Structures are given as C-alpha cells and as structure tokens.
1. Quickly run through region 323-351 and pick out the residues that are out of contact with any Lys or Arg (no Cβ under 6 Å at 6 or more places or on another chain) and not in a loop (DSSP other than H, G, I, E, B).
2. Loosely packed, with under 12 Cβ neighbours inside 10 Å, among the aliphatic types (A, V, I, L, M) and either more than 25 Å from the chain's Cα centre (by Cα) or in the same structural domain as residue 48 (by TED's automatic domain parsing) (or both): which single residue out of 221, 189, 178, 204 fits that description?
3. What residue, of 258, 287, 338, is outside the structural domain of residue 237 (by TED's automatic domain parsing) and within 30 Å of residue 56 (Cβ to Cβ)?
4. Tell me yes or no: at least one residue of region 325-340 is closer than 21 Å to residue 247 by Cα, buried (at least 17 other Cβ atoms within 10 Å of the Cβ), of a type outside the set (Phe, Trp, Tyr) and out of contact with any Leu (no Cβ under 8 Å at 6 or more places or on another chain).
5. Condition (residue is buried (at least 17 other Cβ atoms within 10 Å of the Cβ) and aliphatic (A, V, I, L, M)) applied to region 274-286: is it met by at least one residue?
6. Step by step: first the residues of region 238-252, then only those that are of a type outside the set (S, T, N, Q) and more than 18 Å from residue 306 (Cβ to Cβ), then the one that is surrounded by the most Cβ atoms within 10 Å (Cβ to Cβ). Which residue is that?
7. Take the conditions under 29 Å from residue 103 (Cα atoms) and crowded, with 18+ Cβ neighbours inside 10 Å and apply them to residue 82. Does it pass?
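The values are calculated or read from the model by the stated rules, or taken from the named source; none is laboratory data. Just so we're clear, the structure is a prediction, and the values are computed from it rather than from any experiment. Glycine gets a Cβ as well: all are built from the backbone with ideal geometry, and neighbour counts include every protein chain shown.
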Amino acid sequence: MKRLKYTTINLLSFILLLIILSNCDKEMLLTEFTDYEFDYQPEIRIEAILNTEFPEQTVVRIDYSIPVTDTSIFNGRDDDGDWTSYEDVNGNGKWDDGEPLNDDLGKDGMSSVDNDFMEPDDGEGDGLPTNGEPHIDELDEIISQLHDSTFTVELYKKSTDTRVADFAWQAQADSMEIIENDETEVKEIIWFGGYKLTTLLEPIDYDEEYEFRVTKNSSEITASFQPEPPVNYLTDFFTMDNDTLIATEADSLAPIWSTGTNPIVFWVKVERIWAADSIEIISDHPSAPIDLQNGIYLGGDFTTLYFPGLYRWSVYVPSHNYGQYVYSSLPITDSSISNWRDENGDVVLGCAGSMAIKSIYVRIIKEVEKIDQ
C-alpha cells in the first residue's frame, strides 16, 4: 500500500491549465475549454519498478495520460456508483434541516449546515449527484479509466537474453491511502490496476542488467536497468538485542548503513511500533549519503529527532535511473529521465528500474537506562 502519488494524469497539462485558470478574470466552465484548440494527444506512460527483495510485490503500471479538458472522463457524473444522497430520516421525500447530507453537498462540495456564513448552493440536498460534490470525478473513478490491461509484460536478463519473470494484469493490483487530519487519519483507500508478478524463474542478480519488455501485437516497448543492492546496516558499533539495535538519546547518529558505489539518494521511512497491531509512520523522507569511505557510501539517521521507544527503520535504495526519475527537475519526456523506447527508438513516458528495501528495528532508550544495564 502506498501513500497518494499522482502518476496517471499528465502533470504538465494539469499545471498549464491551472495557470490559465488562475489568470482568468471571467469564470468559465471546464466544458468551455473544448472550444479552444488543444493539440495534446494522450500518451502511454509505464512505471515498472522491480522490488528486488520482495519481487512478488512488484506492480507494473501502464496508463494513458489525459488533459483535464477530457469531458468523456471528467464528465461530472457518478460513474462508479459510490455517491451517497442525503438521508431522508422522516421519509417525506426531501431534505430537511438536521438530516445527514452525506455526499449531497452541492457544487461547492461543502455543507452549509451549522455555518452561519454559507447559504445552500446549487445541488445541495437535492438527492441528485452534482458536479463538485464528493465521489464525482474522484480519483478512484478516474484512475480506473486510464489503465491498459491488454499488454504482455516480461522481464529479461540482458546478458543471456533469457526471460526471468512474467507479469499478469490484476484489476486490484495495489492500493494507496488518502490521508487527512494532519496525516493521522486514513480517509480513503484507493485501489488501482496493474501487472503483478506471476512467475519468477530465477533470483534477481545485482551484478546483472535487466530489461522490461512490454508488447502488444507488433508493438514492443523496452527499458533496461541495473538494480542497486539493499543497504548493509552497520551494527558493530551498537548493542544488539536479537534483531533490535539499541541506541540512546545521546547516540546522535543511528542507525548507520553502507551501500553500493552508485547511489543517488535513499528513501528513509521511520515507523513507531506502539504494539504489534499499532504502527505509526513518524517520518518518510529522502536522504543522501553522508560520507564516502574507501569507495563505500555511508548513510544514517539521527535518533535525537525521536522520543524513546521501539522503531522500525526502512531504507529504500533505487536504481540509478529510478532515482533520476523521481528527483530530477527535468520534464518526464526528457530522454535522460525516461528509459523506455518503442520499436522506432522514440521516448515513451515513465521509468523502468528497481527499489531495494531493507529494515531494522531500533529501540531508543534514555542514557540512564544504558548505564543501569
């Protein structure tokens, strides 16, 4: 499961239209933009990131980008049937004060109930889906219309040109969370389709170069990458309690890890373990190597930022090209960002690469506890 990341709508088109809208003196409907000449054509976008440590979790996404002027998709209707009308508690066939509005909030998407500064707007409490209300043209409704489930997806080892993995389409391949209330409450879980690994014919070798091949009829799109290995946690400097590293509040740098010779960036996730069924994400951030010793890059985090307790540190190492794709400021159509090429050698949007994940438990204790031990 992932936190929300918009990867399917063409961001450049979206930002451009926002700029246009923000500079308009006249309020215009989205449908009015169809009168203007836009030469944008939907493009295929492929994100194939191999999870090298847990290959079965790999999801290959093949979607089409769209402009926000596409009224066949942004049509102001409840296409997936999840809009909820007001609750007619007294059964009189209309909405009355005190009855729950649910999604029937009107075109501004906000309830006027208990708000002295708002009047009911168009569509509020009318029992009909209205453009602007919750669950109208929302993400899970849109995203399912962008998928392409008709490709064949395979992974090859380039040195021997042998197939090492097969992938098959699943309508609910993975999910992402929409978080609200200062990132403390899961508002909604959204499922999306993709190609999941069905067969792994041999283990992933970090010394090999691999190629994703995406084919349909006579069309073939390919992308090559070499996976980076996961980090190595350096535990010799710390006390270990089975699989848990013990650090004090005074141990400013912990945990410490080493990695290969070609890292662009790490991604670090820190989770507080309150109980076996209660885990809270405390921090989720990029991190660069902090030192280079004898050709080995070192990374680390700072325990001084966290309260005493049990934590799980997870460090993600992307392949070189995937790190570029995520963190570069270049446009996603740049040939140095997308490594996908079609049969004519033209750039295809997206990225193929890998991500290696490795976790360690860390218990942060007070310095006095260390002395007592």
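1. 323, 324, 325, 326, 327, 340, 341, 347, 348, 351, listed by residue number.
2. 189
3. Exactly one of 258, 287, 338 is outside the structural domain of residue 237 (by TED's automatic domain parsing) and within 30 Å of residue 56 (Cβ to Cβ), namely 338.
4. The answer is no; no qualifying residue exists.
5. Among the residues of region 274-286, not one is buried (at least 17 other Cβ atoms within 10 Å of the Cβ) and aliphatic (A, V, I, L, M), which makes the answer no.
6. Of everything passing the filter in region 238-252, 240 is surrounded by the most Cβ atoms within 10 Å (Cβ to Cβ).
7. For residue 82, the condition - under 29 Å from residue 103 (Cα atoms) and crowded, with 18+ Cβ neighbours inside 10 Å - is not met.
Here's the yes/no breakdown for (1) within 22 Å of the chain's Cα centre (by Cα); (2) farther than 30 Å from residue 342 by Cβ:
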residue	(1), (2)
120	no, yes
132	no, yes
135	yes, yes
139	yes, no
147	yes, no
150	no, no
154	no, no
158	no, no
